[in-house]
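A.B. asks: Shown below is the structure under consideration.
The values are calculated or read from the model by the stated rules, or taken from the named source; none is laboratory data. Quick caveat, the model's predicted, so the values are computed rather than measured. Quick reminder, even Gly has a Cβ in these numbers, built from the backbone with ideal geometry, and neighbours come from all protein chains shown.
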Amino acid sequence: MNWRKIVWMFFWPLYRLFAELFFQFEIKGGENLKNLKKPFILAANHASYLDGEFIVVAFPWNSEFFPIRYMAAEYYYKKLFLGSILWLLGGFQVVQGIGLDESLAPAVSLLLKNSDVVGVFPEGKITKDGNFGEGKPGVAYLALKTNLPVLPVNISGSFGLNNIKTVVFGRKKVGITFGKPFYLKDYVGEHNPDPEKDKEILIKGTKIVMEKIKDTL
């Protein structure tokens, strides 16, 4: 068994207890996971630092999909404690400003060589107003480069969970909804994307992924 899966299974009960104790936690769309096999790309909206944990506990404790390898910007890894936790849980850093081919090479390798699940927040940052932001082309690049399915995940109710008071006393309703997996090539055609030559295709593909996440309710 992958040692990181053991780590995830250790933390899962703690995360689930936290979600059930402090939130009205709801999971929908579990039927869309039944025929899904690794590897695939998990794409979700991003409204809180807790989004990754909420997604974790929406899966079963001993999920075949664990560990989900979340992408994170390199500056998170410059923080010793946070960077260590992210690494322990299987996260990996994405270096910005060096082009999609190079920056997403680790993600492509994890998907195609390791057959892992890679988690992506296409917006690239936490929303500032609670609304969906514009997606970055990386998610479309990954989907087309690897020719793997995308699992859209809609996270609702997590916006504003930025202080202890809101978390402990808010009892907000937080929902995780799994959408139907899809292949991006079915919407934009099959491509081995060139980040420079295929910008329009990547923009179109990213918009489709974001729409799938929005429609997953």
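A.B. asks: Of the conditions (1) among the polar types (S, T, N, Q); (2) part of a helix (DSSP H, G or I); (3) touching a helix residue (DSSP H, G or I) at 6+ places or on another chain (Cβ under 8 Å), THR166 satisfies every one except a single condition; which number is it?
C.D. replies: If we test THR166 against (1) among the polar types (S, T, N, Q); (2) part of a helix (DSSP H, G or I); (3) touching a helix residue (DSSP H, G or I) at 6+ places or on another chain (Cβ under 8 Å), just (3) comes out false.
A.B. asks: Which of the following residues is among the aliphatic types (A, V, I, L, M), more than 24 Å from PRO181 (Cα to Cα) and either at pLDDT 95 or above or within 16 Å of the chain's Cα centre (by Cα) (or both): LEU80, LEU17?
C.D. replies: Details: LEU80 fails: either at pLDDT 95 or above or within 16 Å of the chain's Cα centre (by Cα) (or both).
From the options LEU80, LEU17, the qualifying one is LEU17.
A.B. asks: For region 133-188, how many residues are closer than 21 Å to ILE201 by Cβ and touching a Lys or Arg at 6+ places or on another chain (Cβ under 6 Å)?
C.D. replies: Number of matching residues: 2.
A.B. asks: So if I check each of GLU134, GLU123, GLU190, GLU196, which one is within 22 Å of LYS37 (Cα to Cα) and in a loop (DSSP other than H, G, I, E, B)?
C.D. replies: GLU190 is the lone residue from the list that is within 22 Å of LYS37 (Cα to Cα) and in a loop (DSSP other than H, G, I, E, B).
A.B. asks: Only one of these is among the β-branched types (Val, Ile, Thr) and modelled with pLDDT under 95: ILE85, ILE41, ILE55, ILE68. Name it.
C.D. replies: The conditions single out ILE85.
A.B. asks: Another one. Between a first residue in region 6-29 that is β-branched (Val, Ile, Thr) and a second residue that is part of a helix (DSSP H, G or I), which pairs have beta carbons less than 9 Å apart while being 6 or more apart in sequence or on different chains?
C.D. replies: VAL7/LEU88; ILE27/VAL57; ILE27/ALA58
A.B. asks: Here is a follow-up. Residues in region 90-97: is at least one within 20 Å of LYS136 (Cα to Cα) and touching a residue at least 40 places away in the same chain (Cβ under 8 Å)?
C.D. replies: For region 90-97, residues within 20 Å of LYS136 (Cα to Cα) and touching a residue at least 40 places away in the same chain (Cβ under 8 Å): present.
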